[in-house]
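Here is the structure we will look at, set down as structure tokens.
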Amino acid sequence: MATWYGWWSAVVRWLHWAPDVICMSRGEHSATHTTGDDLRSAQAIMATMDSCTQCDFSYDTLGVEEAPAALRFLGSAYRTRLAPGLQNVEHERVLRRRPEPQVWSALEYACHFRDVVLAQRERLYLALVEDTPRLASIYRDQRVIFARYSDDRIEDVAREVDMATGLLARAFARLDGGQWQRQCIYGYPAPMQRSIAWLARHTVHEGRHHLQDIDTGISAARSALSSGAATWPHQPR
Ligand SMILES: [Zn+2]
């Protein structure tokens, strides 16, 4: 798992909010055990969620009107990273190899981003209809195992990421000013009220951040495989 995910997960556990974060089924798990102090603490911590020092993404620098193009670019970028694995067995091994047992492979990161984007589209429409809905978790860690990301075909994932980002880009492009300000309770890394505009920026951040994770993973996998490491592929946790 990426370092920033691990760090935020630790923060969430420290706040004793893990049940809220992983059990965000809307309506079934209300935040009755989340106190006002908890929320204020989380809001203070989450203020830093509007930028990321690891990938240098700043939420304020992305206008919502730029989100569709940014997503389409990300779809193309992911496809470019995966494409060499379509024709080259060695590169496919690189894409499928986990740099570390607990760090996702490039393929798994691409699958994760695909599923995030698909989820964001559903969350968007939910927030347009309902007032401040509490968004369900995608259970990202469990999903890697249950959906068997590591068994996915490179060709399929490349096409699916491109399709998912295109769909969400189109959805964002059709929003008006009032719709961008619709609110929801976003569960990651801790439950907090967010606008659809923030959701769009956060999705772009996810894509850029994990693209960096993919590049780092590809580099590490190449080095490991060229040095004769034979532990491919790492089995999911
Ligand atoms: Zn980042």
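Counting only residues that are within 12 Å of the ligand (Cβ to nearest atom) and without any contact (Cβ under 8 Å) to a residue 60 or more places away in the chain, segment 208-222 holds 0 of them. Of all residues in segment 47-66, one or more are within 30 Å of Asp156 (Cβ to Cβ), more than 16 Å from the ligand (Cβ to nearest atom) and modelled with pLDDT of 50 or more. Return the only residue of Leu135, Leu126 being in contact with a strand residue (DSSP E or B) (Cβ under 7 Å, 6 or more places away or on another chain) and not hydroxyl-bearing (Ser, Thr, Tyr). Criteria check complete, one pass: Leu135. Taken over segment 125-152, the criterion of being farther than 24 Å from Leu95 by Cβ and out of contact with any Cys (no Cβ under 9 Å at 6 or more places or on another chain) is satisfied by Tyr125, Leu128, Val129, Asp131, Ala136.
Take the conditions under 16 Å from the mean Cα position of the chain (by Cα) and either buried (at least 20 other Cβ atoms within 10 Å of the Cβ) or not polar (S, T, N, Q) (or both) and apply them to Asp156. Does it pass? Against the criterion (under 16 Å from the mean Cα position of the chain (by Cα) and either buried (at least 20 other Cβ atoms within 10 Å of the Cβ) or not polar (S, T, N, Q) (or both)), Asp156 does not qualify.
Would you say Asp162 is in contact (Cβ under 8 Å) with a residue 12 or more places away in the chain, charged (D, E, K, R) and touching a Cys at 6+ places or on another chain (Cβ under 9 Å)? Here the answer is no, as Asp162 does not meet what is asked.
In segment 131-145, is there at least one residue being under 13 Å from the mean Cα position of the chain (by Cα) and either on the phi > 0 side of the Ramachandran plot or within 16 Å of the ligand (Cβ to nearest atom) (or both)? Yes, because at least one residue in segment 131-145 is under 13 Å from the mean Cα position of the chain (by Cα) and either on the phi > 0 side of the Ramachandran plot or within 16 Å of the ligand (Cβ to nearest atom) (or both).
Taken as a whole, the condition of being within 17 Å of the chain's Cα centre (by Cα) and more than 13 Å from the ligand (Cβ to nearest atom) does not apply to Ala173.
The values are calculated or read from the model by the stated rules, or taken from the named source; none is laboratory data. Please read these numbers as outputs of a predicted model, since none were measured by experiment. Glycine gets a Cβ as well: all are built from the backbone with ideal geometry, and neighbour counts include every protein chain shown.
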